[in-house]
1. Consider LEU164 against the criteria (1) aliphatic (A, V, I, L, M); (2) touching a helix residue (DSSP H, G or I) at 6+ places or on another chain (Cβ under 6 Å); (3) assigned to a loop (DSSP other than H, G, I, E, B): it satisfies all of them except one. Which criterion is unmet?
2. If the requirement is being in contact with a Gly (Cβ under 6 Å, 6 or more places away or on another chain) and within 25 Å of GLN5 (Cβ to Cβ), which of these qualifies: THR187, THR195?
3. Only one of these is in contact with a strand residue (DSSP E or B) (Cβ under 7 Å, 6 or more places away or on another chain) and either free of Cβ contacts under 8 Å to residues at least 40 places away in the same chain or more than 27 Å from PRO168 (Cα to Cα) (or both): ARG65, ARG77, ARG130. Name it.
4. Going residue by residue through segment 201-214, is there one that turns out to be in contact with a Phe, Trp or Tyr (Cβ under 8 Å, 6 or more places away or on another chain) and open to solvent by less than 40 Å² (accessible area, probe 1.4 Å)?
5. Could you identify the single residue in LEU144, LEU132 that is farther than 25 Å from VAL6 by Cβ, surrounded by fewer than 17 Cβ atoms within 10 Å (Cβ to Cβ) and among the hydrophobic types (A, V, I, L, M, F, W, C)?
6. For residues that are surrounded by fewer than 14 Cβ atoms within 10 Å (Cβ to Cβ) and either hydrophobic (A, V, I, L, M, F, W, C) or under 19 Å from THR27 (Cα atoms) (or both), scanning just segment 49-71, find the one that is modelled with the highest pLDDT.
7. Would you please name the residue that is most open to solvent (accessible area, probe 1.4 Å), looking only at residues in segment 167-198 that are assigned to a loop (DSSP other than H, G, I, E, B) and closer than 15 Å to GLY36 by Cβ?
8. Being touching an Asp or Glu at 6+ places or on another chain (Cβ under 6 Å) and under 19 Å from LEU186 (Cβ atoms): is that true of GLU85 here?
Amino acid sequence: MIALQVRDLHAGYGKIPILDHVSLQITGGEVVAVVGPNGAGKSTLLKALSGLIRPSSGEILFDGRNLSGWPAYNIARTGISYVPEGGRLFPNMTVRENLFMGAFATPANLKSVALEDVYTLFPILEKRGRQLARTLSGGEKQMLAISRGLVSRPKLLLLDEPSLGIAPKLVEEIYERLHMLKDKGLTVLLVEQNTTFALELADRAYVLENGRVVLA
């Protein structure tokens, strides 16, 4: 079953167009990668899908609903979770508080086993629970960002450059965990410049260049 379908999407910043006739689709349980050079529009695509920027035209269909133009908080409530490039943590909040923020749209999940699940995935976060996010290492910050995206129990995880600025050993560790999430059937749209890791993880990939899909 198709979870996400993007049809002829156009988006950008003000009068500056970035995405041009972008179309793609993701089946439930798939991991799909979007790769391409800097400035290709990869991060802009995720921002458009998550509601952080408004598409100028085209359709974003998720679970049969057209989300084009919806505000980000409503898109989050549909089951789409966005992990931005660089994590964008709340630096002066603790690890645990950052995790709570990830479940703002679905607070009932915090009463379930959502926190236990992310602590199982990244045990270091439980040990760092009372530590301020800004004091974490680069790899730990990325683990926290991914976990914050997971505590809402998303149907679709949008993941932007999880290997950016992280030591190679920690990148391997993070991708091991992403393989575990894939094995559990999580649907993921992954934007990544590290094509080796991305293509090893993904079922399929799209190549974005100058705002257009040039290869699938």
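The values are calculated or read from the model by the stated rules, or taken from the named source; none is laboratory data. Just so it is clear, the model here is predicted, and its values are computed rather than measured. Cβ: placed from backbone, ideal geometry, glycine included. Neighbour counts: every protein chain shown. Areas reflect the complete protein model, heavy atoms only, side chains present, ligands, DNA and RNA absent. Shrake-Rupley method; radii C 1.70, N 1.55, O 1.52, S 1.80 Å.
1. It is condition (2) that LEU164 fails.
2. Values: THR195 fails: in contact with a Gly (Cβ under 6 Å, 6 or more places away or on another chain).
After applying the criteria, what remains is THR187.
3. On the way: ARG65 fails: in contact with a strand residue (DSSP E or B) (Cβ under 7 Å, 6 or more places away or on another chain); ARG77 fails: in contact with a strand residue (DSSP E or B) (Cβ under 7 Å, 6 or more places away or on another chain).
None of the other options fit; the residue is ARG130.
4. So the first thing to find is which residues in segment 201-214 are in contact with a Phe, Trp or Tyr (Cβ under 8 Å, 6 or more places away or on another chain), and the list is 201, 213.
Now drop any that are not open to solvent by less than 40 Å² (accessible area, probe 1.4 Å), which leaves 201.
Yes, segment 201-214 contains a residue that is in contact with a Phe, Trp or Tyr (Cβ under 8 Å, 6 or more places away or on another chain) and open to solvent by less than 40 Å² (accessible area, probe 1.4 Å).
5. Working: LEU144 fails: surrounded by fewer than 17 Cβ atoms within 10 Å (Cβ to Cβ).
Going through LEU144, LEU132 in turn, just one is farther than 25 Å from VAL6 by Cβ, surrounded by fewer than 17 Cβ atoms within 10 Å (Cβ to Cβ) and among the hydrophobic types (A, V, I, L, M, F, W, C): LEU132.
6. That would be ASN66.
7. Here is the first cut: in segment 167-198, the residues assigned to a loop (DSSP other than H, G, I, E, B) are 167, 184-186, 192-194.
Filter again for closer than 15 Å to GLY36 by Cβ, leaving 192-194.
Details: GLU192: 0, GLN193: 79, ASN194: 51 Å².
Filtering segment 167-198 for residues that are assigned to a loop (DSSP other than H, G, I, E, B) and closer than 15 Å to GLY36 by Cβ, the one most open to solvent (accessible area, probe 1.4 Å) comes out as GLN193.
8. Details: touching an Asp or Glu at 6+ places or on another chain (Cβ under 6 Å): yes; under 19 Å from LEU186 (Cβ atoms): no.
Considered against the rule, which asks whether it is touching an Asp or Glu at 6+ places or on another chain (Cβ under 6 Å) and under 19 Å from LEU186 (Cβ atoms), GLU85 comes out as no.
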